[in-house]
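Let me begin by presenting the structure, written as structure tokens, before commenting on it.
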Amino acid sequence: MQTPLIPPLASRLAQADALFTSWLQKCADVPAVQALTPATKSGLLTVLQHILADTGDINVDHQDLWTLLAGATSLQFGMANGEGHSRAAVVGQQLWADSTMLGDATLPAHRILLAIQSGTATELEMDELTYLLEYVVSQAGDQAEVVFGHSLNPALVESIQVMMLVSRQEAHSYSSEYPYATTAAHCKTGMSDRGRPASPGGSAEHSGTSRPAT
């Protein structure tokens with residue numbers, strides 16, 4: 001299934017709405033979609049809007065989101081904010097503890113997307129990024145691929161904000177040729193992986209892909 005056609009000049013909020021509507025329509029038989037309630041629909045759309053409202057130069061986009069959504073049998077999502085010396089630990093734990101699960105939580109995670117924003121007064125440090133990635137992977141499972149992005153949001157000042165999406169899928173649904181572009185129950189994506197190289201050292205101003213070890 002190809003990424004939904006979204007007009008290039010559409011606003012980021014319009015992109016989120018179009019992406020969400022396409023997922024509901026094209027993946028209607030998938031357990032994650034069937035598990036939606038009015039409250040979880042609103043919560044998930046809010047997360048998508050926050051991710052796509054990011055106007056930074058380096059961030060995840062609607063293609064990254066569609067790849068994850070279209071490959072999900074079950075879907076987990078959440079959003080958290082934190083500040084202070086231990087802000088990464090606070091956000092990581094809150095992100096996981098307060099996340100919403102749509103479908104079977106026992107299915108193995110196969111793709112994780114993290115969109116991280118930090119204020120300009122205290123930018124995200126590399127050790128904070130490492131902690132967030134390692135914490136979420138430790139909770140979700142180390143066989144999942146991680147796609148992440150980072151940008152600056154002056155309104156956050158000294159805080160960080162993280163949006164998370166985790167797709168889960170039956171093991172037999174994995175494709176041997178494209179292990180991360182997989183087929184969910186009645187909804188699939190044929191997109192291949194897209195990754196961006198991480199910039200070394202200093203603050204984390206990048207988006208990238210981390211594959212599981214083989």
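The values are calculated or read from the model by the stated rules, or taken from the named source; none is laboratory data. Every value quoted in this text rests on a predicted model; they were computed, and no experiment measured them. Glycine also receives a Cβ, built like all others from the backbone with ideal geometry; neighbour counts cover every protein chain displayed.
Worth a mention:
- Residues in segment 143-189 that are modelled with pLDDT of 50 or more, in contact with a helix residue (DSSP H, G or I) (Cβ under 9 Å, 6 or more places away or on another chain), under 12 Å from G71 (Cα atoms) and not hydrophobic (A, V, I, L, M, F, W, C): S167, R168.
- Some residue of segment 74-83 being assigned to a loop (DSSP other than H, G, I, E, B) and either crowded, with 16+ Cβ neighbours inside 10 Å or in contact with a Phe, Trp or Tyr (Cβ under 8 Å, 6 or more places away or on another chain) (or both): no
- Of all residues in segment 45-67, none are part of a helix (DSSP H, G or I), in contact with a Ser or Thr (Cβ under 8 Å, 6 or more places away or on another chain), closer than 20 Å to R111 by Cβ and at pLDDT 95 or above.
- Criterion violated by L75 - all others in (1) farther than 19 Å from V162 by Cβ; (2) of a type outside the set (K, R); (3) out of contact with any Pro (no Cβ under 7 Å at 6 or more places or on another chain) satisfied: (1)
- Test: L107 is modelled with pLDDT of 90 or more, under 28 Å from Q34 (Cα atoms) and part of a strand (DSSP E or B): no
- Pick from segment 157-172, criterion in contact with a strand residue (DSSP E or B) (Cβ under 6 Å, 6 or more places away or on another chain) and of a type in the set (A, V, I, L, M, F, W, C), ranking: farthest from A35 (Cα to Cα): I160
- Within segment 100-148, the set of residues being surrounded by fewer than 19 Cβ atoms within 10 Å (Cβ to Cβ), under 24 Å from D29 (Cα atoms) and out of contact with any Ser or Thr (no Cβ under 8 Å at 6 or more places or on another chain) comprises T106, P108.
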